[in-house]
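Student: For reference, the structure I am asking about is given below.
The values are calculated or read from the model by the stated rules, or taken from the named source; none is laboratory data. Please read all numbers here as calculations on a predicted model, not as lab measurements. Cβ sites come from the backbone with ideal geometry, for glycine too, and all protein chains shown count toward neighbours.
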Amino acid sequence: MTTTELTQPTFLLVDDDDYSLDLAYLTLVKLGFTLAEKFQIAHNGMEGLCALDGMPQPPDFIICDIFMPHKDGFEFIAELSKRGYQGGVVFVSVGDSQTLSMASYIAVQSGLKVLGVLKKPLQQDALRQMLYGKVAS
């Protein structure tokens, strides 16, 4: 294992839209997170939980949509909380600001570490601000 592999954080990307998943992955690569094996992708909250269960350790960061079939972001939040997830969470959605704020509030009240909420499409600068301070340690 190289030093880079040891310092690269792991990510779980959960979104029902393939374009949004691709954009999130490419944005993370542009930000310097380059090891493909450090990324897990899921198309809904149910798949996200299965991916989480299959990871050797919980991911450092989860980027999650709010509106998805088969366990939406709110149900996913509840499951993350039950599992005691300790990593950072970023919510993304095409929904209105009120919905994003509500998801963030529920997650924080459930004990999750919410790094922020972003409107789709994902913006590289906004994501950089949320992640880089958390990755540097």
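Student: Every residue in region 52-71 that is surrounded by 11 or more Cβ atoms within 10 Å (Cβ to Cβ) and over 12 Å from the mean Cα position of the chain (by Cα), please.
Tutor: Correct list: 55, 67, 68, 70, 71.
Student: Could you please find all residues in region 19-32 being part of a helix (DSSP H, G or I), free of Cβ contacts under 8 Å to residues at least 24 places away in the same chain and not β-branched (Val, Ile, Thr)?
Tutor: Result: 19, 21, 22, 25, 26.
Student: Pick out the one residue from 39, 33 that is modelled with pLDDT under 95, surrounded by 15 or more Cβ atoms within 10 Å (Cβ to Cβ), farther than 19 Å from residue 113 by Cβ and not polar (S, T, N, Q).
Tutor: 39
Student: Of the residues 111, 84, 88, which is modelled with pLDDT of 95 or more and surrounded by 15 or more Cβ atoms within 10 Å (Cβ to Cβ)?
Tutor: On inspection, the qualifying residue turns out to be 88.
Student: To continue, here is another question. Here are some conditions: (1) touching a Leu at 6+ places or on another chain (Cβ under 7 Å); (2) modelled with pLDDT of 95 or more. Residue 5 meets all but one. Which one does it not meet?
Tutor: With respect to (1) touching a Leu at 6+ places or on another chain (Cβ under 7 Å); (2) modelled with pLDDT of 95 or more, residue 5 is out only on (2).
Student: How many residues, within region 16-46, are closer than 18 Å to residue 93 by Cα and either touching a helix residue (DSSP H, G or I) at 6+ places or on another chain (Cβ under 7 Å) or charged (D, E, K, R) (or both)?
Tutor: Total meeting the criteria: 8.
Student: Kindly state which helices (runs of 4 or more DSSP H) lie completely within region 33-137 and contain at least 2 residues that are more than 20 Å from residue 22 (Cα to Cα) and of a type in the set (S, T, N, Q).
Tutor: Result: 97-109.
Condition check ((1) in contact (Cβ under 8 Å) with a residue 24 or more places away in the chain; (2) under 19 Å from residue 29 (Cα atoms); (3) in contact with a Ser or Thr (Cβ under 7 Å, 6 or more places away or on another chain)) across all residues:
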| site | (1), (2), (3) |
| --- | --- |
| 57 | yes, no, no |
| 61 | yes, yes, no |
| 68 | yes, no, no |
| 82 | no, no, no |
| 88 | yes, yes, no |
| 99 | yes, no, yes |
| 104 | no, no, no |
| 116 | yes, no, no |
